[in-house]
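Participant: Sharing a structure here in structure tokens format.
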Amino acid sequence: MKRILVRGGHIVSMDPEIGNLPQGDILIEDGRIVRVAPSIPNVDAEIIDAAGHIVAPGLIDTHRHTWHTLLRGLFMDWSMLEYLVRVRFGISRAYQPADIKLATTLGTLEALNAGVTTILDYSHSINTPDHADAAVEGLRNSGIRAVFGYGFFESSPDSPIHFPDTAARVKDFTRIAGTYFASSEGLLTLGASLNEPASVPFSVTRTEIEAARSRRALIVTHTGAAWSSPSGVKELDAAGLLGPDMVHVHCTALIDDEWAIIARTGGKVSIAVEAELNSGMGRPPFAACERHGIKPTLSQDSVGSIPGDMLNQLRMGLGFKRWETNEAANLAGKDPSSLLITADDALRWSTVNAAEAIGLGHRIGSLTPGKQADLIVVGGPALNQHPRINAVGSLLAHTTPAEIRHVLVGGNVVKRDGTLVSAQLPALLAEADRATSDLLTRAEELPPGLPKVLQNGFNVEQAIANLRDI
């Protein structure tokens, strides 16, 4: 039996029965938490000294495109439409399987380094079966926990790169499910990243959803992210295709009737605060989630324009939510007497809420005995960590990846003393520089390949026609 004792830390458990322990120990056996207490007697175990540190659940990201890692910073100044034209239907076509594997490996290592122990990887650059295998291998390489969101998306719709039709993609999805996801107990679980409803004929959307459910895969899609295109929520509801196994990303352009449908069908919501604000998608929909009783979760989205750590998203999300909550009073010339949203509330977005959203609430999200030992140990000698009066406040407001000293996933130490354990970073980073240069050169040589729904901006008539193709 492999035992680890995390000793003497300030425990932020996110479990209401345990609460926060100013000083406590966590005993881990064979990857699971077996005891959390103010003090645990000496046992035969590896000791991780957490004295003077914060111990918290690993963060969970409910929507991240790791294949974008080779495009870091490229679309910092692009709108969503520019991104779709230049990347989704442009550079994506030039990706080779080796690029996908490298990008996914680096993207997951970056997440782990920042204390993100679980991601929903929205992998929608699956140009061939080899690309799909490469994406899974990239996730496996890092030791992260992940939902692999197999992307049904075709980056070259007028001249398919490999898959001639939806049936061929479904066949490959089924192959991936059988090859890598026969068990649901490992670090990787199966998901399906849909084409956005209205971007393809409705019959295609139906087929994708049915294929995902036949394999009990988590379903994720960008929902209501474009203001000039219909969301498809009402059509999906009328067809009986919505459900609690779906994560709806962005949702910035949904109207209230559509929000009511998402809530009624048990849908989950992933808010990419910084991406939505930066790319012109609109207000992050915290208020709509609150009105309809939906627990918000957060996502990093893409390093193409956004930093790779979730703490930055938590800070920005908390600040935006507080501004939104107090805006009416401010405009009326009033000041709030207190803040209604706390740092603890925000941390819940990327721990227990997120775990529940991706179907893993019984395994991760809190430091609860019986759950997997996915946790972070935060602190050290940095100026921004001392003094520490409010543990959750320090975690959210004063922590960067550098202060995340240890990271465990399923009891395995993947970051120790501030260093990723198995990553050969110098070689990987040099490889990434070369790969990106070659990738962009290949992309420049590609002919235009926009689908009808994106020609001359969003083609609303084509989108409506797609939704009517029931």
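Participant: Which numbered condition in (1) part of a strand (DSSP E or B); (2) more than 30 Å from Val136 (Cβ to Cβ) is the only one that Ile18 fails?
Facilitator: (1) is the only condition that Ile18 fails.
Participant: Any idea which of Ala94, Ala98 is in contact with a Lys or Arg (Cβ under 8 Å, 6 or more places away or on another chain) and of a type in the set (Gly, Ala, Ser)? Can you show your working first?
Facilitator: On the way: Ala98 fails: in contact with a Lys or Arg (Cβ under 8 Å, 6 or more places away or on another chain).
Being in contact with a Lys or Arg (Cβ under 8 Å, 6 or more places away or on another chain) and of a type in the set (Gly, Ala, Ser) holds for just one of Ala94, Ala98, which is Ala94.
Participant: Here is a follow-up. Among Ser183, Ser214, Ser203, which is open to solvent by 40 Å² or more (accessible area, probe 1.4 Å) and in contact (Cβ under 8 Å) with a residue 60 or more places away in the chain? Walk me through it before giving the result.
Facilitator: Details: Ser183 fails: in contact (Cβ under 8 Å) with a residue 60 or more places away in the chain; Ser214 fails: in contact (Cβ under 8 Å) with a residue 60 or more places away in the chain.
None of the others qualify; the one that does is Ser203.
Participant: OK, next. Which condition from (1) farther than 28 Å from Thr400 by Cα; (2) surrounded by fewer than 22 Cβ atoms within 10 Å (Cβ to Cβ); (3) of a type outside the set (S, T, N, Q) is the one that Tyr95 breaks?
Facilitator: (2)
Participant: Which residue, of Asp77, Asp121, is part of a strand (DSSP E or B), over 30 Å from Leu21 (Cα atoms) and among the acidic types (Asp, Glu)?
Facilitator: Numbers: Asp77 fails: part of a strand (DSSP E or B).
Being part of a strand (DSSP E or B), over 30 Å from Leu21 (Cα atoms) and among the acidic types (Asp, Glu) holds for just one of Asp77, Asp121, which is Asp121.
Participant: Ok, one more. So is Gly317 in contact with a strand residue (DSSP E or B) (Cβ under 8 Å, 6 or more places away or on another chain) and assigned to a helix (DSSP H, G or I) or not? Steps first, please.
Facilitator: Working: in contact with a strand residue (DSSP E or B) (Cβ under 8 Å, 6 or more places away or on another chain): yes; assigned to a helix (DSSP H, G or I): yes.
Taking the combined requirement at face value, the residue satisfies it.
Participant: Now a separate question. When segment 320-339 is examined, which residues are found to be surrounded by 11 or more Cβ atoms within 10 Å (Cβ to Cβ) and either in contact (Cβ under 8 Å) with a residue 60 or more places away in the chain or not in a helix (DSSP H, G or I) (or both)?
Facilitator: Pro336, Leu339
Participant: Taking the conditions exactly as written (surrounded by fewer than 22 Cβ atoms within 10 Å (Cβ to Cβ) and over 21 Å from Ile404 (Cα atoms)), does Trp67 satisfy them or not? Don't jump to the end; show me each part of the working.
Facilitator: Numbers: surrounded by fewer than 22 Cβ atoms within 10 Å (Cβ to Cβ): no; over 21 Å from Ile404 (Cα atoms): yes.
Here the answer is no, as Trp67 does not meet what is asked.
Participant: Does Ile364 fit the bill of being in contact (Cβ under 8 Å) with a residue 40 or more places away in the chain and in a loop (DSSP other than H, G, I, E, B)?
Facilitator: Details: in contact (Cβ under 8 Å) with a residue 40 or more places away in the chain: yes; in a loop (DSSP other than H, G, I, E, B): yes.
So Ile364 passes the test.
Participant: Sticking with this one: Looking at segment 303-317, which of the residues that are among the aliphatic types (A, V, I, L, M) and open to solvent by less than 20 Å² (accessible area, probe 1.4 Å) is nearest to Ile261 (Cα to Cα)? If you could, list the steps in order and put the result at the bottom.
Facilitator: Keep residues of segment 303-317 that are among the aliphatic types (A, V, I, L, M), which gives 303, 306, 310-311, 314, 316.
Those still in the list that are open to solvent by less than 20 Å² (accessible area, probe 1.4 Å) too: 303, 306, 310-311, 314.
Working: Val303: 31, Ile306: 30, Met310: 29, Leu311: 31, Leu314: 27 Å.
Ranking the candidates gives Leu314 first.
Participant: So, one more: Name every residue in segment 134-166 that is over 26 Å from Ile364 (Cβ atoms), surrounded by fewer than 24 Cβ atoms within 10 Å (Cβ to Cβ) and in contact (Cβ under 8 Å) with a residue 40 or more places away in the chain, in order of residue number.
Facilitator: Phe153, Ser155, Ser156, Pro157, Asp158, Ser159, Ile161, Thr166
Participant: What is the number of the single condition among (1) in contact (Cβ under 8 Å) with a residue 12 or more places away in the chain; (2) surrounded by fewer than 17 Cβ atoms within 10 Å (Cβ to Cβ); (3) not polar (S, T, N, Q) that Phe173 does not meet?
Facilitator: Failing condition for Phe173: (2).
Participant: I'd like to know if segment 376-398 contains one or more residues that are in contact with a Leu (Cβ under 8 Å, 6 or more places away or on another chain) and part of a loop (DSSP other than H, G, I, E, B).
Facilitator: Checked segment 376-398: no residue is in contact with a Leu (Cβ under 8 Å, 6 or more places away or on another chain) and part of a loop (DSSP other than H, G, I, E, B).
Participant: As an exercise: evaluate Arg175 against (1) among the basic types (Lys, Arg); (2) over 30 Å from Asp30 (Cα atoms); (3) not in a helix (DSSP H, G or I) and give the number of the one condition it does not meet.
Facilitator: (3)
Participant: Looking at Ala402, Ala427, Ala391 in this structure, which one is in contact (Cβ under 8 Å) with a residue 12 or more places away in the chain and open to solvent by 20 Å² or more (accessible area, probe 1.4 Å)?
Facilitator: Details: Ala427 fails: in contact (Cβ under 8 Å) with a residue 12 or more places away in the chain; Ala391 fails: open to solvent by 20 Å² or more (accessible area, probe 1.4 Å).
Every option except Ala402 fails the conditions.
Participant: Evaluate the following for Val220: is it touching a Phe, Trp or Tyr at 6+ places or on another chain (Cβ under 7 Å) and crowded, with 24+ Cβ neighbours inside 10 Å?
Facilitator: Numbers: touching a Phe, Trp or Tyr at 6+ places or on another chain (Cβ under 7 Å): yes; crowded, with 24+ Cβ neighbours inside 10 Å: yes.
Yes, satisfied.
Participant: Sticking with this structure for a sec: Can you tell me how many residues within segment 342-367 are open to solvent by 30 Å² or more (accessible area, probe 1.4 Å) and either more than 18 Å from Val269 (Cα to Cα) or in contact with a Phe, Trp or Tyr (Cβ under 6 Å, 6 or more places away or on another chain) (or both)?
Facilitator: Number satisfying all stated conditions: 3.
Participant: I would also like to ask the following. Here is a check on your reading of the model: is Val413 of a type outside the set (Ser, Thr, Tyr), at pLDDT 95 or above and either crowded, with 23+ Cβ neighbours inside 10 Å or in contact with an Asp or Glu (Cβ under 7 Å, 6 or more places away or on another chain) (or both)?
Facilitator: Considered against the rule, which asks whether it is of a type outside the set (Ser, Thr, Tyr), at pLDDT 95 or above and either crowded, with 23+ Cβ neighbours inside 10 Å or in contact with an Asp or Glu (Cβ under 7 Å, 6 or more places away or on another chain) (or both), Val413 comes out as no.
Participant: Can you tell me which residue among Ala146, Ala132, Ala111 is within 14 Å of Asp301 (Cβ to Cβ) and either touching a strand residue (DSSP E or B) at 6+ places or on another chain (Cβ under 7 Å) or of a type in the set (Lys, Arg) (or both)?
Facilitator: On the way: Ala146 fails: within 14 Å of Asp301 (Cβ to Cβ); Ala132 fails: within 14 Å of Asp301 (Cβ to Cβ).
Matching residue, one of Ala146, Ala132, Ala111: Ala111.
Participant: Additional query: Which members of segment 247-283 meet the condition of being of a type in the set (Gly, Ala, Ser), on the phi > 0 side of the Ramachandran plot and at pLDDT 95 or above?
Facilitator: Hits for segment 247-283 are Gly266, Gly282.
Participant: Just wondering, is there one or more residues in segment 291-302 that are buried (at least 19 other Cβ atoms within 10 Å of the Cβ) and assigned to a helix (DSSP H, G or I)?
Facilitator: So far as segment 291-302 goes, no, none of its residues is buried (at least 19 other Cβ atoms within 10 Å of the Cβ) and assigned to a helix (DSSP H, G or I).
Participant: Among the residues of segment 368-385, write down those that are touching a residue at least 60 places away in the same chain (Cβ under 8 Å) and open to solvent by 20 Å² or more (accessible area, probe 1.4 Å). Talk me through it step by step, then tell me what you get.
Facilitator: First, the residues of segment 368-385 that are touching a residue at least 60 places away in the same chain (Cβ under 8 Å): 368-380.
Correct list: Thr368, Pro369, Gly370, Lys371, Gln372.
The values are calculated or read from the model by the stated rules, or taken from the named source; none is laboratory data. Bear in mind that the values here come from a model prediction, so they are computed numbers and not experimental data. Don't worry about glycine lacking a Cβ; one is built from the backbone with ideal geometry, like all the others, and counts go over all protein chains shown. Only protein heavy atoms, including side chains, enter the accessible area calculation; ligands, DNA and RNA are left aside. Shrake-Rupley method; radii C 1.70, N 1.55, O 1.52, S 1.80 Å.
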